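K.L.:
My questions all concern the structure below.
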Amino acid sequence: MSQNKNNDACKLDSYLDNIYDDFNTQNINNLNKNNNLNNYLALLFQIQKQLQAQLQRQEQEQRQLQAQLQAQLQVQAQLQAQLQTQLQAQLQAQLQAQLQAQLQLQSQGQETTDTDTTTNSQPININITVTNGLTSTESETETTAAGAAAGSAAGAANENQTALASTAGNDNVTVPVNVDDITI
């Protein structure tokens, strides 16, 4: 019987050894799993930190880009305002020059005529051309001594003729004419 007991004891020892080995193996596996899990968690934590740092860098870059965009928009608005002012000034200068040229052309083609007429058998016609191209004409006729005196007085009263100049505004050019001083 002692041999049976020994066999049973050996079986029990073998069984206990197997349980102990399984327990140790499971503990080692669990430890390895825990280590793997801890390593995995540490890796995830490290990745999370890297992603947060990258996100902060991207947010900072985005703020910088927005500031640059605002500055560029401001410069663009200033340049556009300057360009618009310059274009308006150029257009105004061109229009003013064209208007002055047209007024000059129109005034050069005009003639002014002043005619004094009294009856006389010998008409006197005086044509005066002014440097700006305007023409002033005065005619006077006299018939009798009394008429001559009246005509002379009328001629003396109208001896200064005025013609419009070609410049802008109503600048006047005065052309003196004394009819009595003219000999034929």
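K.L.:
For segment 39-45, what does the Karplus curve 6.51 cos²θ - 1.76 cosθ + 1.60, with θ = phi - 60°, yield as ³J(HN,Hα) per residue in whole Hz, taken in order and with x for Gly and Pro?
P.N.:
Values, residue by residue: 5, 5, 5, 5, 5, 4, 4 Hz.
K.L.:
How far is it, in nm, from the label point at E61 to the one at I28 when both lie 7 Å from their Cα along the line to the Cβ?
P.N.:
4.9 nm
K.L.:
If you don't mind, another one. How far apart, in nanometres, would the label points at A89 and L44 be if each is projected 7 angstrom from Cα along the Cα-to-Cβ direction?
P.N.:
That separation, rounded to one decimal, is 6.9 nm.
K.L.:
With labels modelled as points extended 7 Å from the Cα through the Cβ direction, what inter-label distance (nm, one decimal) is found for Q68 paired with N35?
P.N.:
4.9 nm
Each reported figure results from applying straightforward, stated rules to the coordinates on display, with no laboratory input. Quick caveat: nothing in here was measured; it's all calculated off a predicted structure. Reconstructed Cβ throughout: ideal geometry from the backbone, glycine too, with neighbour counts over all protein chains shown.
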